[in-house]
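The values are calculated or read from the model by the stated rules, or taken from the named source; none is laboratory data. Everything quoted here is computed from the prediction, not taken from an experiment. Ideal geometry is used to build each Cβ from the backbone, glycine not excepted, and the neighbour counts take in all protein chains shown.
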Ligand SMILES: [Fe+2]
């Protein structure tokens, strides 16, 4: 396994496809000074500062992290990392995690505009009560396996999800599936309906006022199958498309090869969005439940 000063790098204990990167305390200490030069407003208003914080992280490890991160994210056999500070301390507050997530995402490429928040990132809470219009914040329902960016007209090559804060949470585990581990990939990706265009739209909260068309399955430049799918947003036009989506949804949820893991607070999952699906198990009911997540989606350069 690759060695980079300031990091412990190992395979995740539940999957050899996921690389676990722990940031050592000494490196975290060195990050605090360059991070303090920018507040969140400047990161939001001045896009170049986001690359500056990314470079300050990469400089601390002789620019090895960016190369390593990209090599994993683009590697079909892995394509996923979980990055977390070795130890959580009071200094590592929500602003620190916005900056760290910003730095990591800008080493992976360039974030897409997140229309839900109107920024390059989005922060949102999952709590006991919810009146929103998508599964994103529904605590007591499984969020089924899906990819991101199915309803926008730009490419979503990767996504980053950081757990900023969590209290009174039981359940709500992260669910991940690499499509090469999926028992039904061959069968469903060869179905002609899986390769025809579907219409995709999104509910009001996503602030996208157009629809897009694309198939569920495509081939990338290496001939590998990729998937772009979420249960809520395709608009099937006939019974064949409807039945295909039902089979697809059932086949994903029935897979025995899903990786179900508890993501520690302060951790970021970064995954290739073309061949990894992600989801979340339902939480156990608790009136004081609160989880705060940050997401960034983007493109490779
Ligand atoms: Fe998602």
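Some values worked out for this structure:
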{"read-out": "Residue match in the range 74-87 (condition: modelled with pLDDT of 95 or more, under 12 Å from residue 104 (Cβ atoms) and in a helix (DSSP H, G or I))", "value": "no"}
{"read-out": "Residue list for the range 263-276, restricted to those being under 30 Å from residue 93 (Cα atoms) and either part of a loop (DSSP other than H, G, I, E, B) or at pLDDT below 95 (or both)", "value": "263, 264, 265, 266, 267, 273"}
{"read-out": "Every residue from the range 147-176 that is in contact with a helix residue (DSSP H, G or I) (Cβ under 7 Å, 6 or more places away or on another chain) and either within 11 Å of the ligand (Cβ to nearest atom) or under 23 Å from residue 107 (Cα atoms) (or both)", "value": "158, 160, 162, 164"}
{"read-out": "Residues satisfying the stated conditions in the range 131-146, i.e. more than 16 Å from the ligand (Cβ to nearest atom) and either in contact with a helix residue (DSSP H, G or I) (Cβ under 7 Å, 6 or more places away or on another chain) or modelled with pLDDT of 95 or more (or both)", "value": "140"}
{"read-out": "Any hit, the range 243-251, residues being within 14 Å of the ligand (Cβ to nearest atom), under 13 Å from residue 150 (Cβ atoms) and either surrounded by fewer than 21 Cβ atoms within 10 Å (Cβ to Cβ) or in contact (Cβ under 8 Å) with a residue 24 or more places away in the chain (or both)", "value": "no"}
{"read-out": "Residue that is free of Cβ contacts under 8 Å to residues at least 24 places away in the same chain and more than 18 Å from residue 79 (Cα to Cα), where the choices are 209, 133, 191", "value": "209"}
{"read-out": "Some residue of the range 184-203 being more than 13 Å from the ligand (Cβ to nearest atom), part of a loop (DSSP other than H, G, I, E, B) and over 19 Å from residue 249 (Cα atoms)", "value": "yes"}
{"read-out": "Residue 71 more than 16 Å from the ligand (Cβ to nearest atom), surrounded by fewer than 16 Cβ atoms within 10 Å (Cβ to Cβ) and closer than 18 Å to residue 271 by Cα", "value": "yes"}
{"read-out": "Hits in the range 252-262 (condition: assigned to a helix (DSSP H, G or I) and surrounded by fewer than 16 Cβ atoms within 10 Å (Cβ to Cβ))", "value": "253"}
{"read-out": "Test result for residue 111, touching a helix residue (DSSP H, G or I) at 6+ places or on another chain (Cβ under 7 Å), more than 15 Å from residue 158 (Cβ to Cβ) and surrounded by 18 or more Cβ atoms within 10 Å (Cβ to Cβ)", "value": "no"}
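Yes or no, residue by residue, for (1) under 30 Å from residue 172 (Cβ atoms); (2) over 19 Å from the mean Cα position of the chain (by Cα); (3) assigned to a loop (DSSP other than H, G, I, E, B):
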{"site": "209", "(1), (2), (3)": "no, yes, yes"}
{"site": "241", "(1), (2), (3)": "no, yes, no"}
{"site": "247", "(1), (2), (3)": "yes, yes, no"}
{"site": "278", "(1), (2), (3)": "yes, no, no"}
{"site": "288", "(1), (2), (3)": "yes, yes, yes"}
